[in-house]
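Take a look at the structure below.
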Amino acid sequence: MIKQAVETGVIDVVAYQVNMANHKLPGRDETLRLCAEHGIGVVAMKPFARGKLLQGGKTVKIAKYQTGGITVDAKIPASVTPIRCPNYVLSQPAVCTTIAGVSSLDELHSILAYPKASQEEKDYSQSLEELF
């Protein structure tokens, strides 16, 4: 649907699920590149896959609606953090902002630490490697 919307030339921005859990979602990278090529901004939804990515050390099932199209069964590495998740999302093509839902005050405080985090704290490369 996003591809069709982008190709109309009528829209400026789309909301799309982007998170580490859907890193390998077929067509996701193509969709983001298409948006970038057409100057369409992406508001990334569910950067934490509805909190599933914040369950370090646990094996979780991440449903299709939390990733945007694939079910993921994974042990969440401790290296996945509330700082690395939005940094991953914001580094993707065409993503201009992200909307992070929170379920606790602690999660909110963790996310608010993002602007002051160091590059090392934001580096998600190890997290992706361990997740996949």
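Read-outs throughout are calculated quantities, based only on the coordinates presented, and are distinct from any laboratory measurement. A quick note: this is a predicted structure, and the numbers were derived from the prediction, not measured. Ideal geometry is used to build each Cβ from the backbone, glycine not excepted, and the neighbour counts take in all protein chains shown.
Restrict the search to region 12-117; then list the trypsin sites (Lys or Arg not before Pro) that DSSP places in a loop and that have at most 15 other Cβ atoms within 10 Å of their Cβ.
Numbers: sites: Lys24, Arg28, Arg33, Arg50, Lys52, Lys58, Lys61, Lys64, Lys75, Arg84, Lys116; in loops: Lys24, Arg50, Lys58.
The qualifying sites are Lys24, Lys58.
Report, in listed order, any pair from Lys75/Lys116; Lys52/Lys75; Lys24/Lys58 with a Cα-Cα distance greater than 18 Å.
Values: Lys75/Lys116 28 Å; Lys52/Lys75 10 Å; Lys24/Lys58 20 Å.
In this structure, Lys75/Lys116; Lys24/Lys58 lie more than 18 Å apart at Cα.
Convert each backbone phi in region 122-132 into a coupling constant with the Karplus relation 6.51 cos²θ - 1.76 cosθ + 1.60 (shift: θ = phi - 60°), then list the ³J(HN,Hα) values in order as whole Hz, x for Gly and Pro.
Rounded to whole hertz, the list is 8, 5, 9, 4, 5, 4, 5, 4, 6, 6, 10.
Choose one of Leu112, Asn87, Ala74: the residue whose Cα lies farthest towards the positive end of the charge dipole of the chain (beta-carbon charges +1 Lys, Arg; -1 Asp, Glu; about the Cα centre).
Ala74
When only C-alpha pairs under 8 Å and at least 6 residues apart count, what is the relative contact order of region 7-128, in percent? Intermediate values should be presented prior to the final figure.
Working: 200 pairs, mean separation 34.5, N = 122.
Value for region 7-128: 28 percent.
Given springs between every Cα pair under 10 Å in a Gaussian network model of the chain, which of Ala78, Ala117, Ala21 has the largest fluctuation?
Among Ala78, Ala117, Ala21, the largest GNM mean-square fluctuation belongs to Ala117.
Counting only other residues whose beta carbon sits under 15 Å from that of Ile11, what net charge do I get with K and R as +1, D and E as -1?
Values: positive: Lys3; negative: Glu7, Asp12, Glu37.
Neighbour charge sum, excluding Ile11 itself: -2.
Using a Förster distance of 22 angstrom, determine the FRET efficiency expected from the C-beta separation of Leu108 and Tyr65, and round it to 0.05. Provide the component values of the computation, followed by the final result.
Values: r = 23 Å, r/R0 = 1.04.
Efficiency, from the Cβ-Cβ distance: 0.45.
Using helices alone, I'd like the mean residue ellipticity at 222 nm for the chain: each DSSP H run of four-plus residues gives -39500 (n - 2.57), total over residue count, nearest 500. Display every interim value, and only then the final one.
Working: 7 runs with 47 residues, N = 132.
Value at 222 nm, helices only, nearest 500: -8500 deg cm²/dmol.
Most mobile of Gln55, Gln66, Gln17 per a Gaussian network model of the chain (Cα springs, under 10 Å)?
Maximum fluctuation in the GNM of the chain, among the listed residues, is at Gln55.
What are the residues whose amide H is under 5 Å from the amide H of Ala15, where those residues sit 5 or more places off or on another chain and H is modelled from the backbone?
Long-range HN contacts for Ala15: Val43.
If the elastic network links every pair of Cα atoms under 10 Å, which of Pro115, Pro82, Pro47 fluctuates the most in the Gaussian network model of the chain?
With Cα springs under 10 Å in the chain, the top fluctuation among Pro115, Pro82, Pro47 is at Pro115.
Count the DSSP beta bridges whose two residues both fall in the chain, then state the antiparallel fraction as a percent rounded to the nearest 5. Display every interim value, and only then the final one.
Values: 4 of 13 bridges.
Beta bridges within the chain, antiparallel portion: roughly 30 percent.
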